[in-house]
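Report on the structure given below.
The values are calculated or read from the model by the stated rules, or taken from the named source; none is laboratory data. From a predicted model like this one, the values you see are computed outputs, not experimental measurements. Glycine also receives a Cβ, built like all others from the backbone with ideal geometry; neighbour counts cover every protein chain displayed. These area figures cover heavy atoms from the full protein model, side chains too; ligands, DNA and RNA do not enter into them. Shrake-Rupley method; radii C 1.70, N 1.55, O 1.52, S 1.80 Å.
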Amino acid sequence: MDKTAFLSGQFLLAMPGMSDPRFERAVIAMCSHDANGAIGIGLGATLDGLGFHDLLAQFEIERGDAPNAPVHFGGPVEPRRGFVLHSSDWGGQDSVDVAGLWKLSSTVDVLRAIAEGRGPSQWVVALGYAGWDAGQLEGELSRPGWFNVVGDTGLLFDTDADDRWTHAFAQAGVDPRLLVAETGRA
């Protein structure tokens with residue numbers, strides 16, 4: 001396996017004490033990681049006061065029977081750009097397969113398909129993304145701050161945003177209450 005693609009389809013979890021407050025208790029679904037950089041979608045927090053129906057209204061799409069699911073804070077890069085992580089049972093004009101676990105779409109066709117009841121069976125919507133330039137993520141991973149876990153569609157689609165961080169650590173056999181933000185000094 002290409003070592004520069006090892007995080008695609010996995011989750012990055014922010015460790016306690018992460019220096020960037022935008023990533024406090026972050027759960028990032030890694031969608032691409034190669035020699036050119038990395039992109040992930042944050043799933044650890046939702047945007048207050050913004051639901052899926054609000055997004056549909058902005059695009060003048062009838063909501064049909066689509067639930068008014070929460071919209072997640074996908075990350076600090078391009079916070080007005082939307083992304084849908086979804087099950088592999090649907091694919092649109094720009095859908096990208098992520099390690100055979102889920103797909104990533106970012107065009108309005110996925111919103112229309114969901115609203116019309118012909119879209120993916122499972123989906124999560126986010127605004128913004130987390131991005132790293134070539135070598136940047138590898139540098140961050142060489143220092144304390146991030147913990148990666150195996151990709152799990154249950155964590156992605158069946159776990160509430162408020163519970164994802166704790167649940168992901170628990171699946172890895174780690175009790176996050178026992179993690180500390182600083183190390184000892186001799």
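Things worth noting here:
- Test: Leu127 is in a helix (DSSP H, G or I) and more than 18 Å from Phe157 (Cβ to Cβ): no
- With respect to the conditions (1) assigned to a strand (DSSP E or B); (2) more than 23 Å from Gly131 (Cβ to Cβ); (3) touching a strand residue (DSSP E or B) at 6+ places or on another chain (Cβ under 8 Å), Gly49 falls short on a single one, namely (3).
- Of the set (1) within 14 Å of the chain's Cα centre (by Cα); (2) over 21 Å from Gly154 (Cβ atoms), all apply to Glu116 but (1).
- Filter pass, Ala29 being in a loop (DSSP other than H, G, I, E, B) and surrounded by 17 or more Cβ atoms within 10 Å (Cβ to Cβ): no
- Residue within the stretch 170-186 that is hydroxyl-bearing (Ser, Thr, Tyr) and either touching a residue at least 40 places away in the same chain (Cβ under 8 Å) or touching a helix residue (DSSP H, G or I) at 6+ places or on another chain (Cβ under 7 Å) (or both) present: no
- Put simply, of Phe52, Phe73 the only residue that is open to solvent by 40 Å² or more (accessible area, probe 1.4 Å), among the aromatic types (Phe, Trp, Tyr) and modelled with pLDDT of 90 or more is Phe73.
- The set of residues in the stretch 97-124 that are closer than 20 Å to Phe73 by Cα and in a strand (DSSP E or B) comprises Val98, Trp102, Lys103, Leu104, Ser105, Trp123, Val124.
- Complete set of residues in the stretch 134-152 that are of a type in the set (S, T, N, Q) and either in contact with a His (Cβ under 7 Å, 6 or more places away or on another chain) or modelled with pLDDT under 90 (or both): Ser142
- Subset of the stretch 121-140 [crowded, with 17+ Cβ neighbours inside 10 Å and in contact with a Leu (Cβ under 9 Å, 6 or more places away or on another chain)]: Trp123, Val124, Val125, Ala126, Leu127, Ala130, Leu137
- Search result, residues across the stretch 141-178 that are assigned to a helix (DSSP H, G or I) and open to solvent by 40 Å² or more (accessible area, probe 1.4 Å): Leu141, Thr153, Asp162, Asp163, Thr166, His167, Ala170, Gln171, Arg177, Leu178
- The residue pairs whose first member lies in the stretch 81-110 and is more than 13 Å from Leu156 (Cβ to Cβ) and open to solvent by 40 Å² or more (accessible area, probe 1.4 Å), whose second member is at pLDDT 95 or above and assigned to a helix (DSSP H, G or I), and whose beta carbons are closer than 7 Å, counting only pairs six or more residues apart or on different chains, are Gln93/Asp109.
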